[in-house]
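Step one of this worksheet: look at the structure below.
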Amino acid sequence: MSRIIMLPILLPLCTAVVMIFFRRLVVLHRFLNVAGTALMLGVSLVMLGNVQSGGILSLQIGGWQAPFGISLVADMLSSIMVVATALIGFTTALYSLGTIDKDKEHFFYHPLLQLLLMGINGAFLTGDIFNLYVWFEVMLISSFVLLVLGGKPEQLEGAMKYVTLNLLSSSIFLAAVGILYGIAGTLNMADLAVRIPMLGHKDLLSVVAVLFMITFGIKAAIFPLFFWLPASYHTPPVAVSAIFAGLLTKVGVYAIMRMFTTVLIHEEAALIHQLLLVLSAFTMVVGVLGAVAQYDMRKLLSFHIISQIGYMIFALAIQSPLAIAGALFYIVHNIVAKTNLFYISGLVNRLKGSWDLRRIGGVYRFYPMLGVLFLVPALGLAGIPPLSGFWAKFVVIKAGIDSEHYLLVGIALFVSMLTLYSMIKIWNEAFWKDDPRGEGSVEDEGYLLISSMKKVAMVVPIVILGSVTVVFGFWFEPFFVIVQSAAVELLDQGNYIQAVLGERP
Amino acid sequence: MTFLLAVIIGVLYAAGTYLILRRSMVKVIFGLIFLGHAANLMIFTVGRLTKGAPAFVPEGMEGFTEPFADPLPQALILTAIVIGFGVQAFTIVLFKRTYQTVGTEDLDKMKSTDQLPGEEL
Amino acid sequence: MYSVILATASRYLLILLLMFSVFLLLRGHNEPGGGFTGGLVAAAAYALYFIANGIDAARTIVRFDPLRIMAAGLLIAIASTFPSLVAGNPFMTGVWINTGIPLIGKVGSPLLFDLGVYFLVLGIALTIIFSLAEEDRL
């Protein structure tokens, strides 16, 4: 049964290979992209069901026993993340049908998307730190190419910053892996969790922990390390922006979560959690202040990603079961809502022909339903009940109060208000106010030219993700039970170690 | 030998850090390459050096004979080198294309994606 | 710049180097070598041919689109994982068949995987070389 772990990685690889083989058949690419991601969603749901009922699954590749071979491990945390990835992959594949032009499709847009998903799934499922590095690189290389697809000057400029900082983070990662191997003699996460308490070199372990925190901090865009994100995320085609915004930074958050609750869990982790608490406050505040100042829709949303990462890091740093559950729910809610907002921004751009909020307006007047569709994720993100964001923030803040981090809770609430403000800003400028260019429908030309099939392809993903946000809000309980069991499982390393290493102590 | 390698790693890190702080794109690429090499050498050194004992099972034997080098750091470095090669090749092409499109190689002049629209600093 | 000596030599060298690359591929089972080095040597052979005879001649002699070679390599590598599935072992476990034929001996799925790596590396290296060469010509 544990072979199912391989599928979320193998499926996108196979579809990508077939697509490269038939590189001129763009129609086949589109079909495979949608079908492949739909299948992946199905498989990941089955996997989540299995893990929930039967405990952690692990797979030793090539039959080499852990810790000598590479292990793939699917615990609740990984499975939930893979489900979220598959959902976003599926909706993005649909959305791409409506937004990506032929040129980009001929330049391997669809296979690259599949490879990106493979990298992300691999990073979630691996049980080996060096393997995590490899999956990070797979993910990065595909994201590099997706970022520059089209080759506009601002894309290249943004990609420069993105590539440079991410390569820097990779080299730090490698250095940390090297030192860790030197100290512990193993890189299997479960084996490390067993051995690290028995090791000397506490000072060196702290160095390793800080190096890992910097690496994953760059990936997750936490406070002093986030500059690549707002410089690049608003430049590529909007479908790419959306999938990056939804998934890439969360891989960093996942890595922090895995590293400091499964692998490095002693004095060095306490240090990191102290650091993360402080950084999370800055991340929340700086991100939202950046967002408030922006008038470019996608830049505004990009800064928001940073601010939201702050909440996740805050919850992570508290480390109580409730807080971890909150963080996990927050991640899933945020992946869904944030991607959806990017989809909507792309649709508004198509309708009005600009990203600049000052130049557009009057969307609500002509497309009231789109206004409603925007309000669902926007208010959800800000935390208005009964949408998903309310519960996510509620749990995180409850955990914060329980652990007596009152100042941070105050900051979180304040930031929440500014989030609402910036969402209202988009609403006011793009949807509510009259179009500054007059009431004529000149700006709608672009939209009228799109075939109705493409319109459907753009709207359906928005509806899917919007309904997920609503469902999370109204039927919060069953989902929370799942993330709670994930949190409990995560905080008890014993199960994880036993699932990977077998019966050994 | 370890000492010598440690010095080399230190020099590579220092040079790499210095270079990625420059404003010229070419220097930044060199800086990134140096940092990558430094990390690889570090894995090699920290994984313990064993002289003249490659990690191969000798002809006609069933297992390793002491002393033998730990093969894992070597495998890690090989993987890292291959990945680094691919990523660096991409980076060089990207930087070249950026230079051709944007028309400058001074990183301080590439700030259009960081500015608010309509604002000239 | 066209050199008669290099152009003539490269034709023979191409065959020699390709043979050497296959040798490296097969040697990789127990000794240094393997799909990665083999693929690189094969790519170097074509690169030499391209330097001597120009990009068009090299393209004709490769015949296949390098990207297809790459995809074929990936497919072979993926296919090498299937025997372990049929045999019911953990994913990617090597499956060996003892043919009993002298010189060939045991054949197994890791060889198939290595072959996939060989084509993958060859395809990627050729893609890089050809696209750089063609950009130069523009």
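Any read-out appearing in this document is the output of simple, stated calculations on the displayed coordinates, not a laboratory observation. These numbers were taken from a predicted model, which means no experiment stands behind them. As a convention, Cβ positions derive from the backbone with ideal geometry for all residues, glycine included, and neighbour counts pool all protein chains shown.
Under a 5 Å amide H cut-off, with hydrogens placed 1.01 Å from N, B:Met110 pairs with nothing among residues at least 5 apart or on other chains.
In degrees between 0 and 90, to the nearest 10, how far off the longest principal axis of chain A does helix A:109-125 point, with axes built from Cα atoms? It is inclined by approximately 30 degrees.
Below 8 Å, C-alpha to C-alpha, sequence gap of six or more: please give me the relative contact order for segment A:2-501 in percent. Working shown, then result.
Working: 818 pairs, mean separation 85.2, N = 500.
17 percent.
With n ≥ 4 as the cut-off for DSSP H runs, can you work out [θ] at 222 nm for chain B, using -39500 (n - 2.57) per run divided by the number of residues, rounded to the nearest 500? Intermediate results must be reported in sequence, preceding the final value.
Values: 3 runs with 73 residues, N = 121.
Only helices count here, giving -21500 deg cm²/dmol.
Semi-axes of the equivalent ellipsoid of segment A:187-317: what are they in whole Å, largest first, if each equals the square root of 5 times a C-alpha gyration tensor eigenvalue? Don't skip to the end; give the middle numbers.
Numbers: eigenvalues 194, 44, 20 Å².
Over the Cα atoms of segment A:187-317, the ellipsoid semi-axes are 31, 15, 10 Å.
Per DSSP H run of n ≥ 4, the term is -39500 (n - 2.57); total these for chain C, divide by its residue number, and report the mean residue ellipticity at 222 nm rounded to 500 deg cm²/dmol.
On the way: 6 runs with 100 residues, N = 138.
So the helix-based figure for chain C works out to -24000 deg cm²/dmol.
For A:280-293, what's the mean count of beta carbons from other chains sitting within 10 Å of each residue's beta carbon? Intermediate results must be reported in sequence, preceding the final value.
On the way: counts 0, 0, 0, 0, 0, 0, 0, 0, 0, 0, 0, 0, 0, 1.
Counting other chains' Cβ atoms within 10 Å and averaging over A:280-293 gives 0.
So for segment A:2-501, taking the charge dipole from beta-carbon charges (+1 Lys/Arg, -1 Asp/Glu), which of A:Val177, A:Val396, A:Phe479 sits furthest toward the positive end? Toward the positive end, the furthest listed residue is A:Phe479.
Couplings 3J(HN,Hα) of segment C:130-135, computed from phi: 5, 6, 5, 5, 6, 5 Hz, in residue order, whole Hz [Karplus 6.51 cos²θ - 1.76 cosθ + 1.60, θ = phi - 60°; x for Gly and Pro]. For segment A:2-501, the residue among A:Gln308, A:Tyr421, A:Val194 whose Cα projects farthest onto the positive side of the dipole built from Cβ charges is A:Tyr421. Peptides A:268-281, A:86-99, ordered by how many other C-beta atoms sit within 10 Å of their residues on average, highest first, read A:86-99, A:268-281.
Taking only the Cα atoms of the protein assembly as shown, the radius of gyration and Dmax are 26.4, 87 Å.
Between amide H atoms placed 1.01 Å from N, distances below 5 Å from C:Gly28 occur with C:Gly34, all of them 5 or more places distant or on a separate chain.
If only the Cβ of Lys and Arg carry +1 and only the Cβ of Asp and Glu carry -1, the dipole of chain C around its Cα centre is close to 280 debye. Would you work out which of A:Ile335, A:Phe366, A:His110 lies farthest towards the positive end of the dipole of the protein assembly as shown, given +1 charges on the beta-carbon of Lys and Arg and -1 on that of Asp and Glu, about the Cα centre? Final value for the positive-end residue is A:Phe366. Here, P(r) means the percent of Cα pairs in each 10 Å bin from 0 to the largest distance; for segment A:284-437 it is 12, 42, 30, 13, 4, 0. Derived scalar couplings between HN and Hα for segment A:398-415 equal 4, 4, x, 5, 4, 9, 6, 9, 5, 4, 5, 4, x, 4, 4, 5, 4, 4 Hz in order, rounded to whole Hz, by the Karplus curve 6.51 cos²θ - 1.76 cosθ + 1.60 (θ = phi - 60°), x for Gly and Pro.
Just checking the output field for B:37-46: average partner chain Cβ neighbours within 10 Å of each residue's Cβ?
So the per-residue partner count for this stretch is 5.
When each of A:Glu429, B:Glu62, A:Glu267 is scored by the number of other beta-carbon atoms lying within 10 Å, the sequence from fewest to most is B:Glu62, A:Glu267, A:Glu429. Packing, taken as the mean count of other beta carbons within 10 Å per residue, orders the peptides A:123-130, A:39-46, B:84-91 from highest to lowest as A:123-130, A:39-46, B:84-91. Packing order of peptides A:200-207, A:325-332, A:27-34, highest average first: A:325-332, A:27-34, A:200-207 (average count of other Cβ atoms within 10 Å over each peptide's residues). Relative to the compact-globule estimate of 2.2 N^0.38 Å, the Cα radius of gyration of chain B comes out at 1.52.
May I ask for the net charge around C:Met70, where only other residues with Cβ less than 15 Å from the Cβ of C:Met70 are counted and Lys, Arg are +1 while Asp, Glu are -1?
Details: positive: A:Arg23, C:Arg63, C:Arg68; negative: C:Asp65.
Charge balance in the 15 Å sphere: +2.
Under a no-solvent Debye model with one identical scatterer per Cα of segment C:4-137, what's log10 I(q)/I(0) at q = 0.13, 0.16, 0.21 Å⁻¹? Here log10 of I(q) over I(0) equals -0.61, -0.84, -1.18. Among the listed pairs A:Lys338/B:Lys96; A:Lys152/B:Lys27; A:Lys219/A:Lys299; A:Lys152/A:Lys250; A:Lys250/B:Lys27; A:Lys352/B:Lys111, which have their C-alpha atoms separated by more than 29 angstrom in this model? As for pairs spanning more than 29 Å Cα to Cα, those are A:Lys338/B:Lys96; A:Lys250/B:Lys27. Peptide A:62-72 has a mean shielding of 2, counted as Cβ atoms of other protein chains within 10 Å of each residue's Cβ. Our helix-only sum for chain A, with -39,500 (n - 2.57) per DSSP H run of n ≥ 4 divided by its residues, gives a mean residue ellipticity at 222 nm of -25000 deg cm²/dmol. Taking all C-alpha pairs of segment A:297-336, those more than 13 Å from each other amount to 51 percent. The aspartates and glutamates whose alpha-carbon is closer than 16 Å to the alpha-carbon of A:Lys454, local same-chain residues fewer than 8 away aside, are A:Asp101, A:Glu105, A:Asp444, A:Glu445.
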